[in-house]
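Since the structure comes first, as structure tokens, the remarks are kept for the end.
The values are calculated or read from the model by the stated rules, or taken from the named source; none is laboratory data. None of the values given here were measured: they were computed from a predicted structure. With ideal geometry, Cβ positions are generated from the backbone for all residues, glycine too; neighbour counts draw on all protein chains shown. Accessible surface areas use protein heavy atoms only, side chains included; no ligands, DNA or RNA. Shrake-Rupley method; radii C 1.70, N 1.55, O 1.52, S 1.80 Å.
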Amino acid sequence: PGGQVGMTEKIDHPAHYNQGSIECIDAMGAATVDKPGIEGQCVGNAIKYLWRYNQKNGLEDVKKAQWYVNLLLTELEKQNG
């Protein structure tokens with residue numbers, strides 16, 4: 001039983017997604033509420049990787065965030081011709 005509580009915390013509220021009093025999922029939801037499709041996905045993923053980089057994968061996560069920001073730029077440039 002005690003192990004299940006720890007597992008639930010790892011799944012529902014992993015430490016690398018909790019900063020201060022805000023969970024990453026809540027910040028992502030607020031930041032993407034008015035962004036359609038791929039734009040919302042890019043913003044959300046960039047936030048996720050930047051949110052956790054110093055607690056999980058370091059430079060690799062920052063590069064992943066950059067990849068999503070670059071994809072967002074490409075999408076916006078296509079839309080704005």
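General remarks:
- Modelled label reach - residue 38, point 7 Å along Cα→Cβ, the stretch 59-81 residues with backbone N closer than 14 Å: 68-81
- Area accessible to solvent at residue 60, 1.4 Å probe radius, in Å²: 100
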